[in-house]
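See below for the structure under consideration.
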Amino acid sequence: MGRWAGVAGAAALAAMAAGAASAATMVVTADRMLDVRTGKYVEKPMVIVTDDRITAIGRQGDLKAPTGARAINLPGLTLLPGLIDMHVHLDSTPQYGGYGSLQFTDSFWAVVATKNAEATLEAGFTTVRNVGSDRYNDVAVKEAVEEGLVRGPRIVPSAYAMGATGGHCDSTYLPPSAESVSPGVADGPEENRRMVRKLKKYGAKVIKICATGGVFSNDAVGVQQMTVEEIRAVTDEAHMSEMKVAAHAHGPEGIRAAIAGGVDTIEHASLVDDEGIRMAVKAGTYFGMDIYNSDYTQAEGAKNGVRESELKKDRDIAGAQRDNFCKAVKAGVKQVYSTDAGIYPHGDNARQFAVMVKYCASPLLAIQSATLTAAEALGQSKDVGEIKIGAYGDMIAVSGDPLADVRALESVDFVMKGGEIIRVPPPRSMSGGR
């Protein structure tokens, strides 16, 4: 049974497996399983899921399946933990770029979010962090998923992204006569503290700030927009409530300010300098660098209505961001899998793995960024990110060897979330019944 027997002991595993028969129990077997902690394959694994949690792990022949359990046999496939995307926008879709989104009523986007949530789950991403939405759409979809009304991943919502007046997270598309101001705007330390409390009150589980300008707004992409004092007020307040803070930051000054201000993850980090990398390593700050989505934006953005000013900003930083990703990886900055889904179509989240490997990441590091490391950055290591006893029954299975060709993760054959089967291979791969 390997190291899992050391966790629970063979007798304990057998007892748990035997007791599982009275609950909803599934026994999942495959050709092999990737242990994402060690990077080693386990041949002929057996994983027992009771209700929504993993209750036993061993090898076929060593671990007995509970009587009456449903058997899920996955010949030829490799098991991995359910994947985690740390930067998505479920209520955004790229097909309505620029001013195209203004043709719809406000509540349209909550419906869009439910469709995108299902596509994300079908792609094998069983947990996502939604860093910025309108009208608390991400909170609403999270609640609908948890109530079983729609299918989607586990959602860690931020609700509105916080930012300065006129900054990247304010409403900058409309003229003064429209009097459009984002509800997430806050200026000065005290306003930022109050905004954290308000977002928490209405369902946010993580806080997102905009420390610099960005690509899809009317500002310079790298200009700092929050002071260290404002950022520190946000992080102090959020951490007091056991909430993490993600900082949108492209430019070097804003990245350094965000790290100095105590944020947990830097999103984008496109123009990070050597000092910012050094600070991140020392502070243990995670980078979530969305190095795939420029491929989509440059190919499809103009057709979707994205303005040329935004396409130019995207072109200007894309190469630098990828080079800096490589520098950060080599320096030992902790990487989390952050794609900015919504800039490209939801469901294509796994396309970033190959780009990460092209720019210095090993296949294992790329996979860990979407499993172990992401779970650690969320503060949810006991629940997600690894196939282990006590964690949620979140698993995927793919053909091929993802350590040899990480593109295998782009075509997921099997998805389970909390013991619920979301996607199955062809019927010949399944057997058994309750």
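The values are calculated or read from the model by the stated rules, or taken from the named source; none is laboratory data. Given the structure is predicted, the values throughout are model-derived calculations rather than measurements. Heads up, the Cβs are rebuilt from the backbone with ideal geometry, glycines too, and the neighbour counts pull from every protein chain shown. Just the protein is used for accessible areas: all its heavy atoms, side chains included, with ligands, DNA and RNA removed. Shrake-Rupley method; radii C 1.70, N 1.55, O 1.52, S 1.80 Å.
Quick look at the values:
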{"quantity": "Value in Å of the Kirkwood radius, where the stretch 145-276 supplies the Cα pairs that are averaged", "calculated": "15.0"}
{"quantity": "For the chain, with +1 on Lys and Arg beta carbons and -1 on Asp and Glu, the positive-most of T25, Y160, P176 along the dipole", "calculated": "T25"}
{"quantity": "Nearest-0.05 FRET efficiency for T67 and R315, computed from C-beta distance (R0 41 Å)", "calculated": "0.10"}
{"quantity": "Relative frequency of Cα-Cα separations exceeding 16 Å in the stretch 70-128, percent", "calculated": "58"}
{"quantity": "Cleavage-rule hits, chymotrypsin sites (Phe, Trp or Tyr not before Pro), the stretch 74-130, DSSP coil, Cβ neighbours within 10 Å at most 13", "calculated": "F104"}
{"quantity": "Global geometry of the stretch 146-198, whether rounded, prolate or oblate, following the gyration tensor of its Cα atoms and the 1.5 cut on a/c", "calculated": "oblate"}
{"quantity": "0 to 90° range, to nearest 10: angle between helix 10-19 axis and the chain longest Cα axis", "calculated": "90"}
{"quantity": "Overall dimensions of the chain as given by Cα atoms, namely Rg and Dmax in Å", "calculated": "21.8, 72"}
{"quantity": "Rg followed by Dmax, in Å, when the stretch 265-335 is reduced to its Cα trace", "calculated": "13.6, 43"}
{"quantity": "Solvent-accessible area, 1.4 Å probe, carbon plus sulfur percent, for the chain", "calculated": "51"}
{"quantity": "Translational diffusion coefficient (Stokes-Einstein; Kirkwood radius from C-alpha pairs) of the stretch 271-403 at 10 °C, 1.306 mPa s, in µm²/s", "calculated": "98"}
{"quantity": "Per residue accessible area of the stretch 115-192, 1.4 Å probe, in Å²", "calculated": "40"}
{"quantity": "Rg(Cα) / (2.2 N^0.38 Å) computed for the stretch 28-121, rounded to two decimals", "calculated": "1.62"}
{"quantity": "Cα shape, the stretch 331-392, gyration tensor, a/c 1.5 rule", "calculated": "oblate"}
{"quantity": "Kirkwood Rh (inverse of mean 1/r, distinct Cα pairs), the stretch 202-266, angstrom", "calculated": "11.7"}
{"quantity": "Overall dimensions of the stretch 313-366 by Cα: Rg and Dmax, Å", "calculated": "11.5, 31"}
{"quantity": "For the stretch 209-337: span of alpha carbons on each principal axis (Å, largest first)", "calculated": "45, 30, 23"}
{"quantity": "Peptides ranked, highest mean first, by Cβ atoms within 10 Å: ranges 45-56, 249-260", "calculated": "249-260, 45-56"}
